[in-house]
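Input: a single structure, listed below in structure tokens.
The values are calculated or read from the model by the stated rules, or taken from the named source; none is laboratory data. Source: prediction; values computed, not measured. Don't worry about glycine lacking a Cβ; one is built from the backbone with ideal geometry, like all the others, and counts go over all protein chains shown.
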Amino acid sequence: MMDRAQRNEKILKTIAERTKQALTSKRAAREMLIKEGIYTKKGKLRAEFGGGKSGGVKSVGGKNVGGKGKKPVTA
């Protein structure tokens, strides 16, 4: 049975290996994000990570940002 330090070392090693693999190409990175549940199978960011279905304007710090074809509102 492994102790906490060995367990943590193994986890960090696995994370480093997966990161190295994901950084080999854009495709590998996208596949890893889909496998981890951050992106959908269609390659869209999941709502719980900031993606959305509407594609509408989001407010950040009181200013509207993003959106498709929408002009930002200025004060």
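At-a-glance table
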quantity: Verdict on residue 25 being modelled with pLDDT under 85 and hydroxyl-bearing (Ser, Thr, Tyr); calculated: no
quantity: Filtered residues of the range 11-35 (kept if of a type outside the set (Gly, Ala, Ser) and not in a helix (DSSP H, G or I)); calculated: 23, 24
quantity: Subset of the range 44-65 [part of a loop (DSSP other than H, G, I, E, B), loosely packed, with under 13 Cβ neighbours inside 10 Å and at pLDDT 85 or above]; calculated: 50
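Yes/no per residue for (1) in a helix (DSSP H, G or I); (2) at pLDDT 60 or above; (3) exposed (fewer than 10 other Cβ atoms within 10 Å of the Cβ):
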residue: 9; (1), (2), (3): yes, yes, no
residue: 37; (1), (2), (3): no, yes, no
residue: 42; (1), (2), (3): no, yes, yes
residue: 67; (1), (2), (3): no, no, no
residue: 70; (1), (2), (3): no, no, no
